[in-house]
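All remarks here apply to the structure that follows.
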Amino acid sequence: MKQLPSINNFIPHLAYDSVIFGFNGKQLKILILEYHNTGFFALPGGFVKRNEHVDDAVKRGLKERTGLDNIYLEHFNTFGSSSRSSPEVMRTIMEANGYEVDENHWMLDRFISIAYYSLINFKDVAPKPDELSDSINWYAVDALPKLMMDHQEIAETALKTLRDNLDKKLVSMNLLPEKFTMKDLQKVYEAVLGKKLRRTSFQRKMLSRDILMRHEKLFTGGAHKAPYLYSFKSYDMAEEVFSPMAN
């Protein structure tokens with residue numbers, strides 16, 4: 001039987017969960033893993049080492065599962081309900097992976113989870129399941145499998161946070177190239193908000209905010225139909241201002 005991580009190496013009662021949103025230009029998805037031989041679906045998460053900053057633990061877990069680093073990550077909430085303890089679930093996961101589980105092992109206790117979210121282009125990622133998982137895949141936000149424990153609540157809270165802060169966060173999330181069309185920008189808003197937007201109203205609203213700089217037209221065929229390219233006026237400053245975990 002394999003041995004579980006020692007409490008000497010990790011902070012007890014503290015975990016993190018990551019809601020990794022993916023966008024491919026059309027659809028918003030969330031990265032979900034399935035634990036080996038259990039049928040349990042969950043958000044990617046993990047534990048924090050005793051000598052490790054929580055931010056670094058989250059970035060480590062994200063890189064292990066996506067191969068990406070130096071991307072936008074932000075803490076959005078902490079989940080610490082007194083009922084946030086599922087020793088039977090944790091025992092099932094560990095035993096299904098060949099671990100010997102003592103009755104009082106620290107991983108069976110209650111955990112407070114620090115939750116983060118990120119938003120990436122999922123076409124650039126080939127997710128890799130960790131040693132405890134059979135698979136890790138992208139699921140549409142409105143078609144998630146049943147998630148274990150309170151992970152559904154975590155995912156819903158992350159989506160609400162993203163929607164509430166999209167205007168000021170979009171520029172730092174690497175979803176658009178430095179120059180983009182108004183149609184490209186509208187597709188992002190529609191995917192995240194989950195609804196269609198009126199083209200003329202959207203364009204008028206975006207231009208009225210004075211956050212976009214207009215550039216040359218994008219010529220792909222008929223010149224009279226070529227759309228203008230735009231960039232965020234604060235593009236160069238965005239990562240410094242809005243990406244506290246990017247460095």
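The values are calculated or read from the model by the stated rules, or taken from the named source; none is laboratory data. What you are looking at is a predicted structure, and each value in this text was computed from that prediction instead of being measured. Note that we place each Cβ from the backbone using ideal geometry, even for glycine, and neighbour counts take in every protein chain shown.
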**Study point:** Filtered residues of segment 102-131 (kept if modelled with pLDDT under 85 and closer than 26 Å to GLY80 by Cα)
**Key:** LEU119, ASP130
Point to revise | From the options LEU73, LEU14, LEU62, residue that is at pLDDT below 90 and touching a helix residue (DSSP H, G or I) at 6+ places or on another chain (Cβ under 9 Å) | key: LEU73
Review point. What number goes with the only condition from (1) at pLDDT 90 or above; (2) part of a helix (DSSP H, G or I) that VAL171 does not pass?
Key: (1)
Check your understanding: Within the bounds of segment 183-192, is there any residue that is out of contact with any strand residue (DSSP E or B) (no Cβ under 6 Å at 6 or more places or on another chain), modelled with pLDDT of 95 or more and surrounded by 17 or more Cβ atoms within 10 Å (Cβ to Cβ)?
Key -> no
Review point. When the residues of segment 39-70 are filtered to those that are more than 19 Å from ILE112 (Cβ to Cβ) and buried (at least 19 other Cβ atoms within 10 Å of the Cβ), which remaining residue is nearest to the chain's Cα centre (by Cα)?
Key: LEU62
Review point. Does segment 149-165 contain any residue that is touching an Asp or Glu at 6+ places or on another chain (Cβ under 8 Å) and surrounded by fewer than 20 Cβ atoms within 10 Å (Cβ to Cβ)?
Key: no
Practice item. Would you mention how many residues in segment 105-126 are surrounded by fewer than 20 Cβ atoms within 10 Å (Cβ to Cβ), under 30 Å from LYS2 (Cα atoms) and either touching a strand residue (DSSP E or B) at 6+ places or on another chain (Cβ under 7 Å) or outside the structural domain of ARG91 (by TED's automatic domain parsing) (or both)? Key: 4
